[in-house]
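Encoded as structure tokens, the structure appears first; notes follow it.
The values are calculated or read from the model by the stated rules, or taken from the named source; none is laboratory data. Values in this document were obtained by computation on a predicted structure and should not be read as measured data. As a convention, Cβ positions derive from the backbone with ideal geometry for all residues, glycine included, and neighbour counts pool all protein chains shown.
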Amino acid sequence: MDALTLIVLIGIILLTIVIITIWSLKRYEIAVSLLGLSPWLSTLFIPTNSDGLLEATFGSYLRISLLIWMGMVGVIQYIRFRLSHSEKLPLHFVLIGIFLLFALTSTTYSIDPKYTLIRSCSLIALFGFLLGLHSWLQDDQRFEKLLNIIFLLICFITIIDTMSMVIFPDRAWWWEANSRFQGLWTHPNTMGSVCMISYPVLLWKYSRCSSFKKSMIMLLTIILASLHFLTGSRASFIATFLGIFVWLYFQKKKIKLMLLSE
């Protein structure tokens, strides 16, 4: 690659970053979508049939870079919000900020300072993104839009992980136990966690759809539950059961609650 080609390539990358940044500031749901995809994108570059957790890959750097990028977007979004509103920072954000300060300070006496520093900076970037998300979520309409974005991400990830059983069978099943499904993630428990946090969003979406869409969501839930069962992740199964139990309890759906208890 000659110098001119390299300069043009760098220019295109910088222009793309500027455009996406401006777009994310105008429509923060873009930032939400990118951050939601970042953990999944990082796993795509982990070699097949290997642990993938012991050494950094290109996907790891991609995820961290995307997280820091969206964290900066979140901070800018929050600054813009504070310039036009006099709202004080909520107490839970103050407490998280204090915790992150201690986490960053712990780098000085950590056994592995480099690893601790990376983790601390990642959490700080996530904190910046959450600040932007807090300033963006100012009405019920945006909150519903956020849940719809998460729902679309769940649909996309479920379809991709299901297709991986056929397209990437060596990658889809755990390298230490071929009977446990991990999809395109790093571990079956990670796949189980993804399924676990997906059910509340699916329950929310199911309660707000028409009959036809409800049947589609039910089909998606069955597929996701089947993948969850194949992971063999027992802890996420228990957490899922408790989560659905609490949901039905507060929704006062006694019949479904009794069926679940049996």
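Just a few scattered comments:
- The residue of region 206-221 that is farthest from Asp170 (Cα to Cα), among those that are part of a helix (DSSP H, G or I) and of a type in the set (Gly, Ala, Ser), is Ser211.
- For region 161-172, filtered to residues that are in contact with a helix residue (DSSP H, G or I) (Cβ under 8 Å, 6 or more places away or on another chain) and without any contact (Cβ under 8 Å) to a residue 40 or more places away in the chain, the residue that is surrounded by the most Cβ atoms within 10 Å (Cβ to Cβ) is Ala172.
- In region 126-157, the residues that are farther than 17 Å from Cys209 by Cβ and acidic (Asp, Glu): Asp139, Asp140
- A count restricted to region 1-32 and to residues that are within 18 Å of Leu146 (Cα to Cα) and free of Cβ contacts under 8 Å to residues at least 24 places away in the same chain stands at 4.
- Close pairs (7 angstrom Cβ cut-off, 6 or more residues apart or separate chains): on the phi > 0 side of the Ramachandran plot and in the same structural domain as Trp174 (by TED's automatic domain parsing) in region 228-245, part of a helix (DSSP H, G or I) and surrounded by 16 or more Cβ atoms within 10 Å (Cβ to Cβ) anywhere: Gly232/Pro188
- Restricting the search to helices (runs of 4 or more DSSP H) fully inside region 93-182 and requiring at least 3 residues that are of a type outside the set (D, E, K, R) and either more than 16 Å from Val194 (Cβ to Cβ) or not assigned by TED's automatic domain parsing to the domain that holds Leu34 (or both) gives 113-136, 140-167.
- When we screen Leu203, Leu224 for residues that are in a helix (DSSP H, G or I), among the aliphatic types (A, V, I, L, M), in contact (Cβ under 8 Å) with a residue 60 or more places away in the chain and not assigned by TED's automatic domain parsing to the domain that holds Ser60, the only hit is Leu224.
- Restricting Ile46, Ile79 to residues that are β-branched (Val, Ile, Thr) and at pLDDT 85 or above narrows the list to Ile79.
- Among the residues of region 64-92, those identified as over 29 Å from Leu41 (Cα atoms), assigned to a helix (DSSP H, G or I) and either in contact (Cβ under 8 Å) with a residue 40 or more places away in the chain or of a type in the set (Phe, Trp, Tyr) (or both) are Arg80, Phe81, Arg82.
- Taken over region 1-42, residues that are among the charged types (D, E, K, R), farther than 25 Å from Leu137 by Cα and at pLDDT 85 or above amount to 0.
- When Arg234 is tested against (1) out of contact with any Gly (no Cβ under 6 Å at 6 or more places or on another chain); (2) at pLDDT below 85; (3) not aliphatic (A, V, I, L, M), just one condition goes unmet, and that condition is (2).
- In this structure, Thr107 does not satisfy being of a type in the set (Val, Ile, Thr) and at pLDDT below 85.
- Check on Gly183, within 19 Å of the chain's Cα centre (by Cα), surrounded by 15 or more Cβ atoms within 10 Å (Cβ to Cβ) and on the phi > 0 side of the Ramachandran plot: yes
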